[in-house]
Amino acid sequence: MPVAIDKNLVQYYPLGDSAVVVQLKNEISEEVNQQIRAISNWLDEYTFEGFVEYVPAFTNITIYYQPWILNYDEIVLLLKEMIEQVGEIEEEATPTVVTIPVWYGASTGPDLEFVASYHNFSIEALIMLHSQPEYIVYMIGFAPGFPYLGGMDEGISTPRKESPRQKVPKGSVGIGGNQTGIYPIETPGGWQIIGQTPLNLFDIKKENPSLLKAGDRVRFMSISEKEFMELKSDEDGY
């Protein structure tokens, strides 16, 4: 179905001298995500002279442009005209659903027991609650290929760690507040780590380096240590 955007609620503001932020509502929701994806789809189909790229986020989308071709007022006028037309672009009929295998284990999920005890759950119940929903990828950010996922059961929402780890292993699956996400590369981080996926979420050598993109759906699938090691060997090419 076409996505409706109330143009009276849309705000525009500059980001430096070569980008403009199109701000939708100030709330994270699937409705706003659909609107951002509709704008992204429009930009994919109807590019314009001076356009460089766009970066979708939770509640806004940033459009980068060449300031020697368009000035700020001109790009805002063009984007306002785009918003008038964007409702005519239909949302993707079938979002991509990606299954992410996860070993929720003691060695791969050092905070698994803490998160379970924090909510007075058994580890098995925590794993079930985390792997049951179908999540939506709201945005990619923080690190290359890092997906911010919405739709987690509020019953397992857990505060971030008071002191972030200096190194979080690649593929770690964590909970930070009311969100869950996957670390695609080794990086510092403060989310509660409950497992790890053997999949490679970011490969700079590929045409599309990130396995996931905004608007995709994600399902977690609990796997055993043996399955984890077999899949990891396949991913690493050993």
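The values are calculated or read from the model by the stated rules, or taken from the named source; none is laboratory data. It should be emphasised that the depicted structure is a prediction, and the values quoted were computed from it without experimental measurement. All Cβ positions, even for glycine, are placed from backbone atoms using ideal geometry, and neighbour counts span all protein chains on display.
Residue check: residue 109 meets all listed conditions (1) in contact (Cβ under 8 Å) with a residue 60 or more places away in the chain; (2) within 30 Å of residue 172 (Cα to Cα); (3) not assigned by TED's automatic domain parsing to the domain that holds residue 180 but one, namely (3). Of the residues making up the range 173-223, those that are among the hydrophobic types (A, V, I, L, M, F, W, C) and in a strand (DSSP E or B) are 173, 175, 182, 193, 194, 202, 218, 220, 221.
So which residues in the range 204-228 are without any contact (Cβ under 8 Å) to a residue 24 or more places away in the chain and either of a type in the set (A, V, I, L, M, F, W, C) or closer than 21 Å to residue 56 by Cβ (or both), if there are any at all? Spell out how you get there, then give the answer.
Going residue by residue through the range 204-228, those that are without any contact (Cβ under 8 Å) to a residue 24 or more places away in the chain are 205-208, 226.
Within the range 204-228, 206, 207, 208 qualify.
Look at the range 10-31: where a residue is over 13 Å from residue 72 (Cα atoms) and a partner is assigned to a strand (DSSP E or B) and of a type in the set (A, V, I, L, M, F, W, C), sitting 6+ places away or on another chain with Cβ atoms under 7 Å, you get 10/22; 30/136. Within the option set 28, 83, 75, 36, being among the aliphatic types (A, V, I, L, M), surrounded by 15 or more Cβ atoms within 10 Å (Cβ to Cβ), at pLDDT below 85 and assigned to a helix (DSSP H, G or I) holds for one residue only, 83. Applying the condition of being part of a loop (DSSP other than H, G, I, E, B) and among the β-branched types (Val, Ile, Thr) to the range 45-72 and asking which residue is farthest from the chain's Cα centre (by Cα) yields 69.
Go through the range 117-132 residue by residue and tally those that are assigned to a loop (DSSP other than H, G, I, E, B) and without any contact (Cβ under 8 Å) to a residue 24 or more places away in the chain.
Keep residues of the range 117-132 that are assigned to a loop (DSSP other than H, G, I, E, B), which gives 119-122, 132.
Next cut, without any contact (Cβ under 8 Å) to a residue 24 or more places away in the chain only: 120, 122, 132.
Residues in the range 117-132 being assigned to a loop (DSSP other than H, G, I, E, B) and without any contact (Cβ under 8 Å) to a residue 24 or more places away in the chain: 3 in total.
Report whether or not residue 226 is under 16 Å from residue 101 (Cβ atoms), of a type outside the set (Ser, Thr, Tyr) and not in a strand (DSSP E or B). Considered against the rule, which asks whether it is under 16 Å from residue 101 (Cβ atoms), of a type outside the set (Ser, Thr, Tyr) and not in a strand (DSSP E or B), residue 226 comes out as yes.
Just to be sure before I move on: is residue 95 under 22 Å from residue 151 (Cα atoms) and part of a loop (DSSP other than H, G, I, E, B) in the structure I sent?
On the way: under 22 Å from residue 151 (Cα atoms): yes; part of a loop (DSSP other than H, G, I, E, B): yes.
In short, yes.
Among 192, 196, 179, which is in contact with an Asp or Glu (Cβ under 6 Å, 6 or more places away or on another chain) and buried (at least 16 other Cβ atoms within 10 Å of the Cβ)?
Numbers: 196 fails: in contact with an Asp or Glu (Cβ under 6 Å, 6 or more places away or on another chain); 179 fails: in contact with an Asp or Glu (Cβ under 6 Å, 6 or more places away or on another chain).
The match here is 192.
Comparison of 99, 108, 94 shows that the only residue that is within 25 Å of residue 153 (Cβ to Cβ), in contact with a helix residue (DSSP H, G or I) (Cβ under 9 Å, 6 or more places away or on another chain) and among the hydroxyl-bearing types (Ser, Thr, Tyr) is 108. Only one of these conditions is not met by residue 145: (1) on the phi > 0 side of the Ramachandran plot; (2) loosely packed, with under 14 Cβ neighbours inside 10 Å. Which number is it? Evaluating residue 145 over (1) on the phi > 0 side of the Ramachandran plot; (2) loosely packed, with under 14 Cβ neighbours inside 10 Å leaves (2) as the failure.
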